Amino acid sequence: MPFRPRYTGLIDKYRDRLPVHDDTRIISLGEGNTPLIRLHNVPRLLEKDVDIYVKYEGLNPTGSFKDRGMTMAVTKAVEAGSKAIICASTGNTSAAAAAYAARAGITAFVLIPDGKIAMGKLAQAMMYGAITIQIKGNFDDGMQLVKEMTEHAPVTIVNSINPFRLQGQKTAAFEIVEELGRAPDFHCLPVGNAGNITAHWIGYSEYAPPSDGPVTEACTSCDGHCPYGGGGIVGSRPTMVGYQAAGSAPFLRGGPVAEPDTVATAIRIGNPQSWDNAWTVQRESGGWFDECTDTEILAAQKLLAEREGVFCEPASAASLAGAMRDVRDGKIPEGSSIVCTLTGNGLKDPDTAIKQSSAPVITTEAQLDAVKTAILDNMD
Ligand code: F0G
């Protein structure tokens, strides 16, 4: 039987398109290479002829897409001699930062909004041994503090304003193009800080450079040009669509939101750091932003779990919630191929999941008769 070489993470795989050297010590947990799952039941429910795929980023080592960026950011921090990293986070960045710092043998300081991150994410930061600072404020306050802290202590920021984060995250677009053999027509993502939508656009643009080269204004991570790799793989880029939670939708309001609020705590962000980049992506791709209510987000999360067997966290479901509405309304036309990024694993936030599930949980005596009744009463 022919054996495939062991998958050793996205830096090894895309080395020629990433800013690493032959002797760079790679800090990896085998991130990337996540499944692109074709939905069967959701398109049928919509009664529309569309191909919907979900890119299940919740299967990364710490359960979110952040690992793609963190392997690069921590690798480069270590290469530069940094002994400590710092981030503000709604939970997933802190989990990833903590894990990759542990792997590298350096310290992670994480600032999180007190009481506003999902329990699984807090458990991760603590177990990976980060120093967790719970602030009595939101993500935007934390981001401001982190930026100020770099003037007072030798710490490397690993939020997505660190350009290496976007370089790592662009590889998700590479994987999608390689698997489909082309770019999808539409790519839908939940938007918080807007780093990920920017990173995807950089990736798609590298694989399908416009006529004047693989340059996109969004690509600030290499001062406006991509020296890594280059050369077209496919002929088109998708229309990029970003969905925000209605209570936390600065791109829809046209400016910062002072008190963002949503059940999708991962995207509870009022002042996105990649504001300009995201508008560039919208313009260059001919895409749009829209918002989803918490009710729509939770309904999509539940639908995906109950009808497709895919469990994502609430913020991730905003991509599908929005895409379903745009397909229904015809804004995304029939015949389209659509990729929705499921940014994080549903296990991150069991409290929200259990609260909204209506699946029967029956408690009985441990006796055959009782179990028989429970089963026979629930047969179709
Ligand atoms: N989905 C999930 C599950 C996230 O954790 C985030 C961001 C996003 C979507 C939005 O991505 O910011 O690149 O637009 N989480 C950050 C964090 C802010 O701290 O974990 P974005």
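Computed values, structure above
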item	result
Among 123-136, 155-168, the order from most to least packed when residues are scored by Cβ within 10 Å on average	155-168, 123-136
Accessible heavy-atom area order of TRP288, TRP279, highest first, probe of 1.4 Å	TRP279, TRP288
Backbone HN-Hα couplings from phi across segment 282-287 [Karplus 6.51/-1.76/1.60, Hz, Gly and Pro as x]	4, 5, 5, 9, x, x
Aspartates and glutamates with Cα under 20 Å of LYS66, excluding same-chain neighbours fewer than 8 positions away	ASP12, GLU31, GLU57, GLU79, ASP140, GLU175, GLU313, ASP349
Sulfur and carbon atoms: percent of accessible area, the chain [1.4 Å]	52 percent
Cα centroid separation - segment 1-69 against segment 244-283, whole Å	25 Å
Net charge of Cβ neighbours under 10 Å - reference ILE37; Lys, Arg +1; Asp, Glu -1	+1
Relative intensity, log₁₀ I(q)/I(0), of segment 227-309 from a Debye sum that treats every alpha carbon as a point, q = 0.10, 0.26 Å⁻¹	-0.35, -1.21
Over segment 265-354: Rg over Rh, Cα atoms, Kirkwood Rh	0.98
Inter-centroid distance (Cα atoms) of segment 316-363 relative to segment 92-158, Å	27 Å
Sequence ranges 259-267, 189-197, ranked by mean other-Cβ count within 10 angstrom, highest first	189-197, 259-267
Above-threshold pairs, the threshold being 28 Å between Cα atoms, out of LYS136/LYS355; LYS48/LYS170; LYS55/LYS348; LYS48/LYS121; LYS136/LYS170	LYS48/LYS170; LYS48/LYS121; LYS136/LYS170
Trypsin sites (Lys or Arg not before Pro) within segment 1-109: DSSP coil, no more than 11 neighbouring Cβ in 10 Å	ARG6, ARG25
Gain on full stretching of the segment that runs from PHE3 to MET379 - 0.36 nm per residue minus C-alpha separation	130.9 nm
Stokes-Einstein diffusion coefficient of the chain, Kirkwood radius over Cα pairs, 20 °C, 1.002 mPa s, in µm²/s	101 µm²/s
Residue-normalised accessible area of the chain, expressed per residue, 1.4 Å probe, Å²	43 Å²
Rounded to the nearest 10 Å², the accessible area of SER358 at probe 1.4 Å	80 Å²
Relative packing of peptides 324-334, 89-99 - highest average C-beta neighbours within 10 Å first	89-99, 324-334
Residues whose placed amide H lies under 5 Å from that of THR107, excluding near-sequence neighbours	ALA84, ILE85
³J(HN,Hα) computed for each position of segment 243-257 - Karplus, 6.51 cos²θ - 1.76 cosθ + 1.60, integer Hz, glycine/proline x	10, 10, 6, 4, x, 8, 10, x, 5, 8, 8, x, x, x, 10
Relative contact order (percent, whole number), the chain, Cα cutoff 8 Å, 6+ residue spacing	19 percent
Relative contact order [Cα under 8 Å, 6+ residues apart], segment 55-153, whole percent	24 percent
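The values are calculated or read from the model by the stated rules, or taken from the named source; none is laboratory data. The model shown is predicted, which means the values in this text are computed figures rather than measured ones. Neighbour counts run over all protein chains shown; Cβ positions are idealised from the backbone, glycine included. Remember, those area values only see protein heavy atoms, side chains included, never the ligands or the DNA or RNA. Shrake-Rupley method; radii C 1.70, N 1.55, O 1.52, S 1.80 Å.
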